[in-house]
1. Looking at Gly87, Gly8, Gly14, Gly18, can you tell me which residue is in contact with an Asp or Glu (Cβ under 8 Å, 6 or more places away or on another chain) and closer than 29 Å to Leu148 by Cα?
2. Would you mind stating whether Val115 is touching a residue at least 12 places away in the same chain (Cβ under 8 Å), touching a Gly at 6+ places or on another chain (Cβ under 8 Å), away from the ligand (no atom under 14 Å from the Cβ) and not in a helix (DSSP H, G or I)?
3. Of everything in the range 239-251, what is part of a loop (DSSP other than H, G, I, E, B) and modelled with pLDDT under 85? Give them in sequence order.
4. So the check is Cβ under 6 Å with 6+ separation or different chains; which pairs have a first residue in the range 142-160 that's surrounded by 12 or more Cβ atoms within 10 Å (Cβ to Cβ) and a second one that's in a loop (DSSP other than H, G, I, E, B)?
5. Only one residue in Ile277, Ile182 is in contact with a helix residue (DSSP H, G or I) (Cβ under 9 Å, 6 or more places away or on another chain) and surrounded by 13 or more Cβ atoms within 10 Å (Cβ to Cβ), so which one is that?
6. For the range 252-262, check the following and say yes or no: at least one residue is surrounded by 14 or more Cβ atoms within 10 Å (Cβ to Cβ) and either part of a helix (DSSP H, G or I) or of a type in the set (Lys, Arg) (or both).
7. Only residues that are more than 16 Å from the ligand (Cβ to nearest atom), of a type outside the set (S, T, N, Q) and crowded, with 19+ Cβ neighbours inside 10 Å: list them for the range 194-220, please.
8. When you go through (1) under 30 Å from Glu32 (Cα atoms); (2) away from the ligand (no atom under 12 Å from the Cβ) one by one for Leu124, which number turns out not to apply?
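The values are calculated or read from the model by the stated rules, or taken from the named source; none is laboratory data. Computed from a predicted model, the values in this text were never measured in an experiment. Note that we place each Cβ from the backbone using ideal geometry, even for glycine, and neighbour counts take in every protein chain shown.
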Amino acid sequence: MTETSSQGLLSIVGIGPGNHDYIVPAALKAIENADMVIGYRTYMLLVRKLIKDKERIQTGMTEEIERARHAVHEARSGKRVAIISSGDAGVYGMGTLVFEVLKQEGWKKGDSPEVEVIPGATALNSCASLVGTPLGHDSCMISLSDLLTPWPIIEKRIHAAAEGDFVIGFYNPASGRRQRQIVEARDIIAQYRPLSTPVALVKSAYRFRQNIVMTDLESMLDYEIGMLTTVLVGSSQTYMFEGYMVTPRGYQNKYNLEDGVAHQGQTPGISINHELIQ
Ligand code: SAH
């Protein structure tokens, strides 16, 4: 058994899209309380005022495994370590890797370190907020990066999401070397949805170089899509209204919006009578 005095704490902290105003207070507190902070240089800069003169490990993009191992070892030996990722640290972030390292090392609940996960607004949430309410109904995230996931699996998921009429948020849509995936993704969706389907390209949400393009399935490839872009593709129900992208929840299938009264044959509180939907 580890002594209580050497019980470390490993906080897996999401810091949101990249603007101080959109970090949850618990994440700020975890960073403030940490002895050591680990993360990509870019994200460390965002919270540098909190890090002050704490021990820190900043690394480049390809050293994730090393960084996760380091975080685990330091926390095991009794330190309070905060490992930070943009968005939510458990969503295509460092969080899972930390658990994989713990698992591999035979860590058990109750051992040092204690592990906590602090949520952050994902890129999907942040990007959606900048264009309206595109996530008003069922949605999913698909990463187009085939660096760790074979392309046939990604392709299968795009077909399933398109067929299931999900609003889709594409992460990692393209990079300098990877341009083909977003073209193929768009072509797959076009087999299931009209070319007029609304699409938003949100680059660097809540960051200095934020850029938003509202387009559609037909023209989306005419614009720049890169590593810092999230691509939001609407479902068959998504529409544009005064520049906003809206996916309805379905109220109008059941209620009259003018007086809130249920349509003839529909009853509040019970399943919708789908035979009456126009
Ligand atoms: N953990 C992060 C995701 C990291 S994966 C999260 O929860 O959001 C990296 C991908 O996320 C990028 O390729 C991009 O598609 C998306 N992304 C991250 N931050 C973004 C931002 N501020 N604006 C737009 N897209 C962003």
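1. Values: Gly87 fails: in contact with an Asp or Glu (Cβ under 8 Å, 6 or more places away or on another chain); Gly8 fails: closer than 29 Å to Leu148 by Cα; Gly18 fails: in contact with an Asp or Glu (Cβ under 8 Å, 6 or more places away or on another chain).
From the options Gly87, Gly8, Gly14, Gly18, the qualifying one is Gly14.
2. no
3. Here is the first cut: in the range 239-251, the ones part of a loop (DSSP other than H, G, I, E, B) are 242-243, 247-250.
Matches in the range 239-251: Gly250 only.
4. Listed pairs, sorted by first residue: Ser143/Tyr92; Ser143/Asn172; Leu144/Asn172; Leu144/Pro173; Ser145/Asn172.
5. Details: Ile277 fails: surrounded by 13 or more Cβ atoms within 10 Å (Cβ to Cβ).
Testing whether each residue is in contact with a helix residue (DSSP H, G or I) (Cβ under 9 Å, 6 or more places away or on another chain) and surrounded by 13 or more Cβ atoms within 10 Å (Cβ to Cβ) leaves just Ile182.
6. yes
7. Here is the first cut: in the range 194-220, the ones more than 16 Å from the ligand (Cβ to nearest atom) are 194-198, 216-219.
With the extra rule that they be of a type outside the set (S, T, N, Q), the set shrinks to 194-195, 198, 216-218.
Hits for the range 194-220 are Pro198, Leu217.
8. So Leu124 meets the others, but not (2).
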